[in-house]
Amino acid sequence: MNDCRQFYVDGEWRDAGARPQRGIVDPATELPSGSVSLGSAADVDQAVAAARRAFATYSSTSREERIALLERLGAAYMERFEDIAQAISREVGAPIQLARGLQAQTGILHIQTYAQILRDYSFDDDRGTTRIARDPIGDCGVITPRNCPITQICL
C-alpha cells in the first residue's frame, strides 16, 4: 500500500496532520493501493511561500548553474527511472511497457531538451533601439493531468 499522506514543501516531507484522506485505487486492478491526504488552502499558501523563497535565490543563478541543475536532475531521474515508470503504471493504469516507453521517457527527454535549449538561449534580444530582456518573473502553480503526469511535472 502506498502511504501518500505527507506533503513535500520547502525541501522536506511534512506530516499532513488531521487533514481529510482519500483512498487510492489502482486503475488496472480496481483494488485499493494506498491513501493520500487532501491539501488545504493553508497547505497551498505554505507551498507558494516556499516557492517564493526559493525563487529569490534561483532567479540570480547563472546559465551554467541552471544547466548543471538540469543535468543533476536528469541524472537523478535516470537513477530512479524504473521507480518512476512503476509509479506511472500504478497511477494511470498504463501497462508497464507503455509507462517505461512513452510516459517515463518523455520526462527525461523534456529535462534534456531544456538543458540543450538553455545552452544556446538568448535572454536579450536587440530590436533597433530597443532591448527585450527575458528575466525570471516568479513561480507558478499547475494542475497535473491524470493521463500524463510526468510530462507536466518535467515541463
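The values are calculated or read from the model by the stated rules, or taken from the named source; none is laboratory data. Because the structure is a prediction, the values reported are computed rather than measured. Positions of Cβ are generated from backbone atoms using ideal geometry, with glycine treated the same way; all protein chains shown enter the neighbour counts. Heavy atoms of the whole protein, side chains included, go into the accessibility calculation; ligands, DNA and RNA do not. Shrake-Rupley method; radii C 1.70, N 1.55, O 1.52, S 1.80 Å.
For this structure, a couple of remarks:
- Within region 118-143, restricting attention to residues that are part of a helix (DSSP H, G or I) and more than 19 Å from residue 78 (Cβ to Cβ), the residue that is modelled with the lowest pLDDT is 120.
- Within region 70-90, considering residues that are among the hydrophobic types (A, V, I, L, M, F, W, C), open to solvent by 30 Å² or more (accessible area, probe 1.4 Å) and closer than 20 Å to residue 3 by Cβ, the one modelled with the lowest pLDDT: 87
- Among the criteria (1) exposed (fewer than 12 other Cβ atoms within 10 Å of the Cβ); (2) free of Cβ contacts under 8 Å to residues at least 40 places away in the same chain; (3) not aromatic (Phe, Trp, Tyr), the one residue 52 does not fulfil is (2).
- All positions within region 131-142 that are open to solvent by 60 Å² or more (accessible area, probe 1.4 Å) and in contact with a helix residue (DSSP H, G or I) (Cβ under 8 Å, 6 or more places away or on another chain): 139, 141, 142
- Residues being in contact with a helix residue (DSSP H, G or I) (Cβ under 9 Å, 6 or more places away or on another chain), within 24 Å of residue 49 (Cα to Cα) and assigned to a strand (DSSP E or B) - total across region 9-31: 2
- Qualifying positions in region 91-106 - of a type outside the set (A, V, I, L, M, F, W, C) and surrounded by 19 or more Cβ atoms within 10 Å (Cβ to Cβ): 91, 103
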